[in-house]
Amino acid sequence: MTALEKATGDVVLKFEPFILHVLCQELQDAQLLHSVAVDSGFRNSGITVGKGGKIMMAVRSTHCLEVPLTHKGKLMVSQEYIEFLIHIANQKMEEN
């Protein structure tokens, strides 16, 4: 709260989810890993094949959070709400 009171610009609480990049030798390997990731709850996962044939599998969670707290130095939310957001962010970290 002390840091937010001193803010002169915009402050955003941002939590970014887990991301794991795996370089796969074969497309079948990437497809298998993709199936396992999606079945495990990592619904934002995907496969990318580069121009050189490099196969990259990204395992991604959907547990993101981005909430503005101040605007032009003015606190836009209550301390109680910030504590609630921190609780939610910590839950998301555990789920990660």
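The values are calculated or read from the model by the stated rules, or taken from the named source; none is laboratory data. What you see is a predicted model, and the numbers here were worked out from it, not measured in a lab. For neighbour counting, all protein chains shown are included, and Cβ atoms are generated from backbone atoms with ideal geometry for every residue, glycine included. For the accessible areas, the whole protein counts, side chains as well, though only heavy atoms, and no ligand, DNA or RNA atoms are used. Shrake-Rupley method; radii C 1.70, N 1.55, O 1.52, S 1.80 Å.
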Report task. Spot the failing condition for LEU32; the list is (1) in the same structural domain as LYS6 (by the TED database); (2) modelled with pLDDT of 95 or more; (3) open to solvent by 80 Å² or more (accessible area, probe 1.4 Å), and only one is missed. Result -> (1)
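Using the structure shown, decide if LEU85 is out of contact with any helix residue (DSSP H, G or I) (no Cβ under 9 Å at 6 or more places or on another chain), within 24 Å of VAL11 (Cβ to Cβ) and modelled with pLDDT of 95 or more.
Values: out of contact with any helix residue (DSSP H, G or I) (no Cβ under 9 Å at 6 or more places or on another chain): yes; within 24 Å of VAL11 (Cβ to Cβ): yes; modelled with pLDDT of 95 or more: yes.
For LEU85, the condition - out of contact with any helix residue (DSSP H, G or I) (no Cβ under 9 Å at 6 or more places or on another chain), within 24 Å of VAL11 (Cβ to Cβ) and modelled with pLDDT of 95 or more - is met.
Taking GLU16, is it exposed (fewer than 11 other Cβ atoms within 10 Å of the Cβ), touching a residue at least 40 places away in the same chain (Cβ under 8 Å) and not aliphatic (A, V, I, L, M)? Can you show your working first?
Working: exposed (fewer than 11 other Cβ atoms within 10 Å of the Cβ): no; touching a residue at least 40 places away in the same chain (Cβ under 8 Å): yes; not aliphatic (A, V, I, L, M): yes.
Here the answer is no, as GLU16 does not meet what is asked.
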Query raised in the report: Which members of the range 46-96 meet the condition of being open to solvent by 90 Å² or more (accessible area, probe 1.4 Å), of a type in the set (A, V, I, L, M) and within 22 Å of the chain's Cα centre (by Cα)?
Result: MET93
Query raised in the report: Is it fair to say VAL38 is in contact (Cβ under 8 Å) with a residue 40 or more places away in the chain and either open to solvent by 80 Å² or more (accessible area, probe 1.4 Å) or on the phi < 0 side of the Ramachandran plot (or both)?
Result: no
Query raised in the report: Quick one: which of VAL59, VAL49 is on the phi < 0 side of the Ramachandran plot, touching a strand residue (DSSP E or B) at 6+ places or on another chain (Cβ under 8 Å) and in contact (Cβ under 8 Å) with a residue 40 or more places away in the chain?
Result: VAL59
